[in-house]
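The values are calculated or read from the model by the stated rules, or taken from the named source; none is laboratory data. The structure presented is a predicted model; accordingly, all values stated were derived computationally and were not measured. A quick note on method: Cβ atoms are made from the backbone with ideal geometry, for glycine too, and the neighbour counts reach across all protein chains shown. With ligands, DNA and RNA removed, areas are computed over all heavy atoms of the protein, side chains included. Shrake-Rupley method; radii C 1.70, N 1.55, O 1.52, S 1.80 Å.
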Amino acid sequence: MGFVCSRSIPSGVCITMIRPVDITIHQDWADVRKSYNIMYDKSKHSKGVANTDTDLSKMYSFENNFLSIDYTGVHSKNWGFLTGDLLLSTLPWANQAIDLFADLDPNIFYHKSLQDVKKHTDYKDSSDVCNINFVISCEDPDAVTTSWDNDVPYSYPSIVNTAWLIDPSLPHEIRCNGSREALQFKFQHSYKEVSAFLDQHEPIILG
């Protein structure tokens with residue numbers, strides 16, 4: 001296993017594909033979970049279309065809300081994410097975050113998985129993509145996200161209320177025996193650009 005980044009290690013020491021992010025979010029997650037469950041229940045009675053990320057999952061559109069679910073279990077049974085107006089309405093600090101990250105063209109997603117998420121790469125709308133993943137909850141104290149750079153593995157733990165910057169265009173997976181929730185800030189910018197931005201703005205407090 002490669003180097004494991006942690007909050008106690010300066011970001012400059014971490015590799016150029018994973019680094020800890022000093023971010024605090026003050027949030028009642030109950031409303032976020034409720035919004036996800038509303039869209040999830042709607043999806044059961046709707047016809048989704050193939051997700052641009054993979055034809056093994058489906059994308060559901062409800063006005064300005066988008067839900068993607070992998071019902072097949074090929075990646076992870078019922079692994080899904082929600083983005084859109086309903087999610088943003090449950091985040092009182094959403095405008096603060098959008099203003100803060102304005103130059104990075106941010107999108108905010110809520111992710112939920114019930115088991116391991118198999119190795120995959122994220123779909124890219126441009127030449128660059130980068131994510132901050134904030135761990136909301138995790139039932140497995142040994143859960144870990146692993147990413148590979150030229151077949152060398154690097155990882156970070158799913159510790160609640162910690163966040164990590166990752167290049168999702170590289171193969172990565174989540175090993176988790178149980179439910180895991182995360183809030184994701186997705187940027188169509190390079191890891192290097194977002195990392196430099198964080199160096200200038202950490203610590204970040206939302207809410």
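A few comments on the model shown:
- Shape call, segment 91-207: gyration tensor on alpha carbons, a/c limit 1.5: oblate
- Mean accessible surface per residue for segment 152-204, computed with a 1.4 Å probe while every protein chain stays in place, in Å²: 38 Å²
- Spacing of the two label points (7 Å from each Cα toward its C-beta) at ASP41 and TRP29, in nm: 2.1 nm
- Checking the cross-link pairs LYS34/LYS119; LYS112/LYS192; LYS42/LYS112; LYS34/LYS192 against a 25 Å limit on the alpha carbon distance flags LYS34/LYS119; LYS112/LYS192; LYS34/LYS192 as lying beyond it.
- All aspartates and glutamates inside 13 Å of LYS118 as judged from Cα atoms, apart from same-chain residues fewer than 8 positions distant: ASP70, GLU173
- Ordered by 1.4 Å accessible area with all protein chains kept, LEU206, LEU88 run largest first as LEU88, LEU206.
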